[in-house]
Amino acid sequence: MRVRSLRKAHGWSLDNLAERTRISPSQLSRIETGHRRISLDQLTAIAGALGTSLDRLVESADDSDVVIRPDTDETRGLTTWLLSGEHGPQGLTVAKMRITDQAGGVGPDDFGVHPGRDWFTVLSGTVVLYLGARVIRVEAGQAASFSTMTPHTLRADHGPAEILCILDQSGERKHLHTGR
């Protein structure tokens, strides 16, 4: 969305745009940073105040609305492609992950616990799911679903593995934003 760039092109502050749209400066700031969903009424008011069309207001200035770029966390041996955007439908997030760390050496600090359920399917390689005291191998073509109130972590086994996962909001916060 191009609210910030168009607002700045007019030389306006958030307060100036807020006066013209009757949307608070704090809401406008969250809209500009993508931390707030925008309603059609707000979108129309902002486009009108900026003297632009709805199409021009929501078009991307680059290819970021088409190309999904990976987020690499070398310390965790994890590369993530966020496929559903920040928050997908019904609060679920879909992500592809490439896990490069090897199974073994799992310590108590590696296990996570959060409300909800996690689901993943292995696209390539083999994933070792540590679920409480259980050690479960999940191979390419297989899937797993489990309560996340059980301490859990994932590792690649004998080489990199790729998974496609669906996470609820608690899982997204725990698995995708740790270390960012």
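The values are calculated or read from the model by the stated rules, or taken from the named source; none is laboratory data. It should be emphasised that the depicted structure is a prediction, and the values quoted were computed from it without experimental measurement. Here Cβ is always computed from backbone atoms with ideal geometry, including for glycine, and neighbour counts include all displayed protein chains.
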I want to confirm something. Restricting to segment 1-33 and keeping residues that are assigned to a helix (DSSP H, G or I) and among the aliphatic types (A, V, I, L, M), which single residue is surrounded by the fewest Cβ atoms within 10 Å (Cβ to Cβ)?
Ala9
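Matching residues to (1) under 23 Å from Gly91 (Cβ atoms); (2) modelled with pLDDT of 90 or more:
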residue: Val3; (1), (2): no, no
residue: Lys8; (1), (2): no, no
residue: Leu14; (1), (2): no, yes
residue: Arg22; (1), (2): no, yes
residue: Pro25; (1), (2): no, yes
residue: Thr33; (1), (2): yes, no
residue: Leu40; (1), (2): yes, no
residue: Ala45; (1), (2): no, yes
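Does Arg117 meet the test of being out of contact with any Lys or Arg (no Cβ under 8 Å at 6 or more places or on another chain) and at pLDDT 95 or above? Talk me through it step by step, then tell me what you get.
On the way: out of contact with any Lys or Arg (no Cβ under 8 Å at 6 or more places or on another chain): yes; at pLDDT 95 or above: no.
So Arg117 fails the test.
When the residues of segment 34-50 are narrowed to those that are part of a loop (DSSP other than H, G, I, E, B), surrounded by fewer than 16 Cβ atoms within 10 Å (Cβ to Cβ) and without any contact (Cβ under 8 Å) to a residue 40 or more places away in the chain, which ends up farthest from the chain's Cα centre (by Cα)?
Just the residues of segment 34-50 that are part of a loop (DSSP other than H, G, I, E, B), to begin with: 34-39.
Filter once more, keeping what is surrounded by fewer than 16 Cβ atoms within 10 Å (Cβ to Cβ): 34-37, 39.
Filter once more, keeping what is without any contact (Cβ under 8 Å) to a residue 40 or more places away in the chain: 35-37, 39.
Numbers: His35: 12, Arg36: 14, Arg37: 15, Ser39: 21 Å.
Per the criteria, the residue is Ser39.
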Taking segment 137-165, which residues are outside any strand (DSSP E or B) and among the small types (Gly, Ala, Ser)?
Ala140, Gly141, Gly159
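Tally the residues that are over 15 Å from Gly48 (Cα atoms) and among the aliphatic types (A, V, I, L, M), restricting the search to segment 10-32.
To start, the set of residues in segment 10-32 that are over 15 Å from Gly48 (Cα atoms) comprises 11, 13-15, 24-27, 29-32.
Applying the additional criterion that residues be among the aliphatic types (A, V, I, L, M) yields 14, 31.
Residues that pass the stated criteria total 2.
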